[in-house]
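Here's the structure we're looking at; comments come further down.
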Amino acid sequence: MAWIKIEGQRIDLHDLQDFHPSSPNSENIVEFINSWLSGQQSFEFQTSGSTGKPKKITISRTQMECSANMTIKALSLTSSDTALLCMNPAFIGGKMMIVRSLINQMNLVVIEPSSNPLKELDEPVDYAALVPLQLINAINNSDSFKKLKSISNIIVGGGQVSESVRQEVKSLDNHIYSTYGMTETVSHIALQLLSKHSDGNHFTALDGVEIGTDERECLAIKAEVTNNSLIVTNDRVEIIDSNKFRWLGRIDNVINSGGIKVQIEQVENVISEIFNSLGLVNRFILKGFKDDFLGEKVILIIEGKIDGESLKSLSEYLPTKLHKYEKPKEIHFIEKFIETPTDKIIRNTDYKAVSSIVI
C-alpha cells in the first residue's frame, strides 16, 4: 500500500503508527493494518451462519494471502490502482479489501460505511467493494451513479442483487461482479459479471477452487483458502461444469406448500421482475406461514407502502407469473425490516404487519 486516506488525511503507510483514529471504524482498520505489518499469523472472525450456526473461527495469514491473490489475478488489479474501502472492516469482506491493498501495494481510500458512501467520494478510485444496498443507492443518486460508472472493478457481496439492479447495470462498460463466498472461504471464491458482456446468471469459481455438491445438492468447496479442507454449505446449486454453478437458494429457505418445495430465492427473483416492471422499489421477502390445508403457505412481506393502483396490478400479475403453490396467498406490509450488521435482511423474525390483504 503506497498510502491510505483515512478520516480525510492521506498518510504514507510507514507513518500510520503515528495516526490517532477518532472513530471505531478507523481504529479497527489501523489496528488490523498494524497487526498485519507486524507479521501476525492468524486472525479471528465471526461467521454469518452460511455453513451452520454463527461461530468464531480462526483464519490464517496464508489463507488470507491466497484469497487476496486469487482476486487480484481474477480482476487484473495492479499496484497503480486505488481501492475504496466503504464496508464494515470488522467483517471478512472489509478485512480482505485491506489485505488485497497491502499485498498488491494499492492505495486505499477509506470512507465510513453508510447506505451511499459514494456521495462522500472525492477522488478517483479503480476498485471498490459494495453491499447490495450501497449499490442500489448509488444507482438512484445521479452524482453517485457517475462515480459508480467511473470505477473499473466493483465487487458486490453480502446478499443477493435484485433483478431491478441487474437491469440497471447490465449495459455499463465497467466491470461489476456479484460475488459468492463466506467467512469460511475467506471472502468470495466465485464471481458473476453483472455489467456489459455478462454471459449468464451463473458464478465462475476462481482459479484453484474445486466445486461439487453433497446429497442435498448443496455446494461443497475445496481450495487453498479452506486449507484444502472440504467446506459444505447450505446453498442449493446447479453445477454447470467443473468451475461454474448456478445458485438456487438456501436449503433452509424452502417452503413446503401442499407437498411442493418452493425455493424462496427463485420466487423472489420472479417477484423482483414484477416489481421492476411496475416501478416498485420497496424491499420485500417471502416467508412460510403455517396453514391447516397446505402445511405452509407463502406470504409476501413488503417494507413500506405502495399505492392502490400498484397493489392492484401486483395482485393481478402474481398469478400469471407464478405456480399456484408459489403465489403468495397474502401480502403483509411492515414499517421496516431488521438487518444484520452487514445490511442483510433478517428473515427469521416474527414481523408484525401494519396492514395485510388476501390475494
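Worth pointing out:
- From Ile359, Ile260, Ile338, residue being β-branched (Val, Ile, Thr), over 25 Å from Leu130 (Cβ atoms) and open to solvent by 60 Å² or more (accessible area, probe 1.4 Å): Ile260
- Of the strands (runs of 3 or more DSSP E) contained entirely in the stretch 3-52, those carrying at least 1 residues that are touching a residue at least 40 places away in the same chain (Cβ under 8 Å) fall at 3-6, 42-46.
- Residue match in the stretch 95-109 (condition: of a type in the set (D, E, K, R), within 30 Å of Thr233 (Cβ to Cβ) and free of Cβ contacts under 8 Å to residues at least 40 places away in the same chain): yes
- The number of residues in the stretch 201-220 that are open to solvent by less than 40 Å² (accessible area, probe 1.4 Å) and in a strand (DSSP E or B) comes to 7.
- Residue-level check: of (1) more than 19 Å from the chain's Cα centre (by Cα); (2) not in a loop (DSSP other than H, G, I, E, B), Asn137 misses just (1).
- In the stretch 39-54, the residues that are at pLDDT below 95 and of a type outside the set (D, E, K, R): Phe45, Gln46, Thr47, Ser48, Gly49, Ser50, Thr51, Gly52, Pro54
- Among the residues of the stretch 226-242, those that are touching a residue at least 24 places away in the same chain (Cβ under 8 Å), open to solvent by less than 70 Å² (accessible area, probe 1.4 Å) and closer than 20 Å to Ser67 by Cβ comprise Thr226, Ile231, Val232, Thr233, Asp235.
- Residues of the stretch 185-222 classified as of a type in the set (Gly, Ala, Ser) and touching a residue at least 60 places away in the same chain (Cβ under 8 Å), total: 2
- The lone exception for Lys55 - which of (1) surrounded by 19 or more Cβ atoms within 10 Å (Cβ to Cβ); (2) of a type in the set (Lys, Arg); (3) farther than 22 Å from Val156 by Cβ it fails: (1)
- Pairs where the first residue, in the stretch 69-80, is open to solvent by less than 30 Å² (accessible area, probe 1.4 Å) and the second is charged (D, E, K, R) and part of a loop (DSSP other than H, G, I, E, B), C-beta under 8 Å, 6+ apart: Met70/Asp207; Leu77/Asp126
Each row is one residue, and each column tells you yes or no for (1) surrounded by 18 or more Cβ atoms within 10 Å (Cβ to Cβ); (2) farther than 19 Å from Phe333 by Cβ.
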| position | (1), (2) |
| --- | --- |
| Val267 | yes, no |
| Ser272 | yes, no |
| Ser277 | no, yes |
| Lys287 | yes, no |
| Leu294 | yes, yes |
| Lys297 | yes, no |
| Ile301 | yes, no |
| Glu309 | no, no |
| Glu316 | no, no |
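- Selection count, the stretch 81-119, where residues are among the charged types (D, E, K, R), in a helix (DSSP H, G or I) and open to solvent by 10 Å² or more (accessible area, probe 1.4 Å): 2
- In the stretch 127-143, the residues that are surrounded by fewer than 20 Cβ atoms within 10 Å (Cβ to Cβ) and modelled with pLDDT of 95 or more: Ile139, Asn141, Ser142, Asp143
The values are calculated or read from the model by the stated rules, or taken from the named source; none is laboratory data. A quick note: this is a predicted structure, and the numbers were derived from the prediction, not measured. A quick note on method: Cβ atoms are made from the backbone with ideal geometry, for glycine too, and the neighbour counts reach across all protein chains shown. Each accessible area value is taken on the protein alone, full model and side chains, heavy atoms only, with ligands, DNA and RNA left out. Shrake-Rupley method; radii C 1.70, N 1.55, O 1.52, S 1.80 Å.
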